[in-house]
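Step one of this worksheet: look at the structure below.
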Amino acid sequence: MQVRKVLTFLLAVVGLGLAASCATSPRMVWGDLAPHVQPALAKVDLDRLDQELVAWLGDYLRTDTTNPPGNETRGAELLATVLAQNGIGSQILEFAPGRGSLVARVRGTGKLPPLCLLSHIDVVTANAQQWPRDRGPLSGAVHEGEIWGRGALDMKSMGILELAVLVAVKRSGVALDRDLVLLAVADEEVDNRGIKHLVADHWDKIGCSHLVNEGGLGVRGALRADQTVFAISTAEKGLLWVKMTARGKSGHGSTPMPDRAPDRLLDALQRLRAKVAPVSFHPSLYATLGEVGAHLGGVQGYVLQRPALVEWLALDTLLAEPGSKAMLTNTIAVTGFFGAEQPNVVPDAVSAQLDCRLLPGTEPRAFLYELQKTVADPQVEFQVLHEAPASESPPDDPLFLALGRHAVIGRSDAVAGPLLSVGFTDSLWVRQKGVRAYGFVPVEVSREIAATFHGANERVPIAAVQRGMRVLLGAVVDFAAHR
Ligand SMILES: [Zn+2]
């Protein structure tokens, strides 16, 4: 009897502990459509826009804005032409000859601050040899319902979606409480000079409180084949780019001596690599895993909805996958070596370049101090090349909620949630102006197509772009239309 009592007591304690530690993640509440939304959307001729979108995107993809060198003014002029044909004025602002960004505006009542729709005009380089001959990076070719070209995902399709939203609002006469500002900027892929130029010298023409940019998108089959996850980026990791230089005596390569610069550098790198990065779960990860879990159901779904169980049962899996590991830890990537030229000469200085990406809460200078402490060698010095702390916008914002609401409306097979992006975008600079920026290209693609970002065979299904236009238009009207 006594033993049974003790056992019952122990079970009760364990049960209580488990119950307490197994609290579920709060569910996203996307909310219902406000009464002003449907009547406003009903004024838009979507069928006409569906056709025009494809033609505009094809022309945009065929306009070479590969960066370097950029030549973004060409792309800006193409957008300006379509805007002008629809009675929308725009300005092209260059930070250097041929390096233009476009600013266009559809006016609202001015009751509320403007909403910006941002995209970048430039695209990364592409090796045409790796693409099919009739569907190259500058082809804008349509093949089996998909449109091909560098920028199809990153991010000319979004640029055209945003353009279409301005055109739709202008044509339909939907009344807005916020100005709608289209920003198509230069140089996102290399040095962000386009957005820096606009923020520093032309903010008076923009002045928005909210902004939609790249960041997340919809991926079909991310976890299960019949589920689509729309991820909306609310936060971006910070960065610290450093050059780490080791010094020592120079000499002949035939006689390895201790403590020479290359060996010091190797030792330093080894210490950094051996360091175990602490894990930190950003709230966005729990929120989105919770949404995915609630939709999946079953044992997997039960676990995903419970932060304590995710940490207990799924942490190893998450850390084994580089993409999710980067969301959970500060990372250090070695991206270059300098200083060793001749095979038989030991140089007196060699350097490695490090790309460190930092979770919200880790300041770049604090991380630099950690690097120095870990290396613990006075002969190794650190030079900061570039630094920026993580940036975030709150997920309980009406624009964020409108984006999520319209992504999943009428979709029993889709969920949406916030995302911590491991890279940074132009949102970094607008957030410094106090803007709430959300990264969401509302286009839904397979995992296979999502993997063509910056790679060969970049393409996007036309139907996904057409649906994406409805999602973005719906969210913009929901958030900005007069009520
Ligand atoms: Zn991009």
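Taken together, the values in this text are just the output of simple stated rules run on the coordinates, not laboratory data. Remember, it's a predicted structure, so these values are computed and weren't measured experimentally. Here Cβ is always computed from backbone atoms with ideal geometry, including for glycine, and neighbour counts include all displayed protein chains.
Brief remarks on what is shown
- In this simple spin-label model, placing a label point 7 Å from the Cα along the Cα-to-Cβ direction at both Val276 and Arg107 gives a separation of 6.3 nm.
- Separation of the stretch 163-233 from the stretch 116-134 is 18 Å, based on Cα centroids.
- In summary, the aspartates and glutamates within cross-link reach of Lys111, defined as a Cα separation below 19 angstrom excluding same-chain residues under 8 places away, comprise Asp177, Asp179, Asp204, Asp397, Asp478.
- Summed residue charge, Cβ within 14 Å of Ala414's Cβ, Lys/Arg positive, Asp/Glu negative: +2
- The aspartates and glutamates within cross-link reach of Lys325, meaning a Cα-to-Cα straight distance under 14 Å and a gap of 8 or more places when in the same chain, are Glu311, Asp316.
- Local net charge near Thr335, Cβ-Cβ under 12 Å (Lys/Arg +1, Asp/Glu -1): +1
- Listed peptides 32-44, 110-122 appear in the order 110-122, 32-44 once ranked by packing, highest mean of other Cβ atoms within 10 Å at the front.
- For His210, distant residues with modelled amide H under 5 Å away: Cys116, Arg436
- Beta bridges per DSSP with both ends in the chain, % antiparallel, nearest 5: 65 percent
- Burial order of peptide ranges 454-465, 135-146, 160-171 (average beta-carbon count within 10 Å, highest first): 160-171, 454-465, 135-146
- For Ala481, the residues whose modelled amide H falls within less than 5 Å of its own, excluding neighbours fewer than 5 places apart on the same chain, are Asp177.
- Each Lys or Arg adds one and each Asp or Glu takes one away; over the other residues whose Cβ falls under 11 Å from the Cβ of Gly301, this sums to +1.
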